[in-house]
Amino acid sequence: MRNSNQRYQQTRSRGQGFNWLRLVPIMFFGLYAVYYYFSHSETVPFTGRNQLVDLSREQEAALGYQAYQEILANERVLTTGEAPKQVQEIARRLIEAVRKLDPKADPGFEWEANVIESDQANAFALPGGKVAVYTGIFPVTANENGLAVVMGHEIAHAIARHGAERMAYQKLVQIGSMAAGVSVSDMSPAARQAVMGALGAGAKFGVLLPFSRDHESEADEMGLYFMAAACYDPREAPKLWERMAANSGQSGGQRPAEFASTHPSNETRIQRLNALMPKALEIYQKYCSGLPAESG
Ligand SMILES: [Zn+2]
């Protein structure tokens, strides 16, 4: 009796079946991720979305500052002429608007806005309130309101701490794939590679990309409110994205980085902006005198 039982256990442990113990690291990672999320959860101002951010404002601002200095050192920064003056004025009005809408939304970032001479139709904001606009975007923004759409969107990325949130998720994805690496460590190299490849693609297309698309929609929404409270005509926003779509078609698939792959389609984006327009116009009416004059 004992003999056959022993033999049974031996065949079982030598068998081809999946060893569930391998899942222990993944389970620990899952528990850790849940714990991590809830202990580092913050609320995005204006949209109320919960987000995972594990950097302090100071750490975030320091990272943004460093990256900004590096970028500016390698680019031609315009210091004279109309463009820098206009960009700085729009930034000033937008940030003032953010503070009017919610005094707690701006954590006291040291805002800075520069114009970079470049053919790229691009703009960016780094964590901590560092904004840059490329001269190549001016033909697309076309007017002051259009420029306010782009800058409102960028300032929203910084206010919503999207950079820091992305870093927190990338860290979790990294730890997660390490845990998965332990779980698959006694598979054959080919099987391991297949599983890890699938997990990597899953993390990219299932977590990080959709998540960037959410960030883009959130920045569109918040940017729309900011520009309205700063008394720029929010109805320019859908028009700007139409021009942006036409522009990216023209430049033969060479789409600007910040407005690239991670983005909701332009149609979806324009539909969403139009749906938010009544609220944006309400904000405009509250902070500015009357409704914006109908522009062509
Ligand atoms: Zn964006």
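The values are calculated or read from the model by the stated rules, or taken from the named source; none is laboratory data. This structure is a prediction, so every number in the text was calculated from the model and none was measured. Positions of Cβ are generated from backbone atoms using ideal geometry, with glycine treated the same way; all protein chains shown enter the neighbour counts. When the accessible area is computed, the model is the full protein with side chains, heavy atoms only, and any ligands, DNA or RNA have been set aside. Shrake-Rupley method; radii C 1.70, N 1.55, O 1.52, S 1.80 Å.
Over segment 16-124, accessible surface divided per residue gives 62 Å², non-protein components excluded, 1.4 Å probe. Placing CYS231, CYS288 in order of accessible area, with the largest value first and a 1.4 Å probe, yields CYS231, CYS288. Scalar couplings 3J(HN,Hα) for segment 163-173, obtained by applying the Karplus form with A = 6.51, B = -1.76, C = 1.60 to θ = phi - 60°, are x, 5, 5, 4, 5, 4, 5, 4, 4, 4, 4 Hz; x denotes Gly and Pro. The share of accessible area on segment 144-205 that comes from carbon and sulfur is 66 percent, using a 1.4 angstrom probe. Charge dipole of segment 38-119 (Cα centre as origin; +1 on each Lys and Arg Cβ, -1 on each Asp and Glu Cβ, all else neutral): 380 debye, rounded to the nearest 20.
3J(HN,Hα) along segment 175-189: 5, x, 6, 5, 4, 5, x, 5, 4, 9, 4, 9, 7, 5, x Hz, from the Karplus curve 6.51 cos²θ - 1.76 cosθ + 1.60 with θ = phi - 60°, whole Hz, x for Gly and Pro. The trypsin sites (Lys or Arg not before Pro) found in segment 81-133 that occupy coil by DSSP, while having at most 13 further C-beta atoms within 10 Å, are LYS104. For segment 137-201, the percent of C-alpha pairs falling in each 10 Å distance bin, counted from 0 to the bin holding the largest distance, reads 18, 26, 18, 17, 15, 6, 0. For the residues TRP20, TRP241, a 1.4 Å probe over the protein chains yields an accessible-area ranking, largest first, of TRP20, TRP241. Here each label is just a point 7 Å from Cα along the line to Cβ, and for ALA194 and TYR287 those points are 5.6 nm apart.
In a DSSP loop and with at most 16 other Cβ atoms within 10 Å, the GluC sites (Glu not before Pro) in segment 88-117 are GLU110, GLU117.
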